[in-house]
Amino acid sequence: MREQFTTVMKEALKAGDKRRLATVRLIQAALKDKDIEARGAGKTVSDDDILALLQKMVKSRQESADIYAKAGRPELETQEREEIAIISEFLPKQLGEDEVKAAIAAAISETGATAMKDKGKGVGALKAKYTGQLDFAKASALASC
C-alpha cells in the first residue's frame, strides 16, 4: 500500500492535481505518525493497520463535512468530500447493508455470541475478516438490534 501512495503522489504531482497531492501527503503524514507510534511499542504497521487508519480519516472527514454543511460553509464541505473520495480509492469495496447484516449474522454464529456481553467477540470477528470494508461502529449498532 505504501508504494501505491507514493505512485499516486507522483502522478498527482505530474498532473498538477493539488487536491489529490495534498490528500495523499496527509495520508503519508498520518502513516508516518503511526509508524513512529508503532516503533515506540516495538511493533510494525500492517496493511490492516493502514486500512484502519484510512477508515478513521474518512470518518473524521465525514463528520467535518457534516459540520461544515450545517454551518453554511459549502466550500469547506466540498473540500472534505473531495478528500473522502480520494482516501476511499485506497480502501476495499465497502459492503452494502445486506452484506453487513449477513456478515454480522455469520460472526455471531461463529463466535456463539448470545447476549450483549458477547457483542465484543462478534465485532472482533468482523474486524478480523472485514477490515476496511465496513464501519464497525454501525456494525456494532446493528449487532445489538
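The values are calculated or read from the model by the stated rules, or taken from the named source; none is laboratory data. Since we're looking at a predicted model, the values are computed, not measured. Here the Cβ positions follow ideal geometry from the backbone for every residue, glycine too, while neighbour counts run over all protein chains shown.
Looking only at residues of segment 6-28 that are among the polar types (S, T, N, Q) and within 18 Å of L53 (Cα to Cα), we find that the one that is surrounded by the fewest Cβ atoms within 10 Å (Cβ to Cβ) is T6. For segment 93-106, filtered to residues that are under 20 Å from the mean Cα position of the chain (by Cα) and either aromatic (F, W, Y) or surrounded by 13 or more Cβ atoms within 10 Å (Cβ to Cβ) (or both), the residue that is nearest to D49 (Cα to Cα) is Q94.
Look at segment 34-50: where a residue is farther than 16 Å from E3 by Cα and a partner is surrounded by fewer than 11 Cβ atoms within 10 Å (Cβ to Cβ), sitting 6+ places away or on another chain with Cβ atoms under 9 Å, you get A38/T44. Among the residues of segment 35-59, write down those that are in contact with a Gly (Cβ under 7 Å, 6 or more places away or on another chain) and of a type in the set (S, T, N, Q). The answer is Q55, and nothing else. Could you please tell me which pairs satisfy a Cβ distance under 7 Å, a separation of 6+ or placement on different chains, a first residue in segment 57-82 that is in the same structural domain as L31 (by TED's automatic domain parsing) and closer than 26 Å to L31 by Cα, and a second residue that is among the aromatic types (F, W, Y) and crowded, with 17+ Cβ neighbours inside 10 Å? From segment 57-82, the pairs are L76/Y68; E77/Y68; E80/Y68. Here segment 29-54 is the region considered, the condition is being closer than 22 Å to A85 by Cβ and surrounded by fewer than 15 Cβ atoms within 10 Å (Cβ to Cβ), and the residue that is farthest from the chain's Cα centre (by Cα) is A29.
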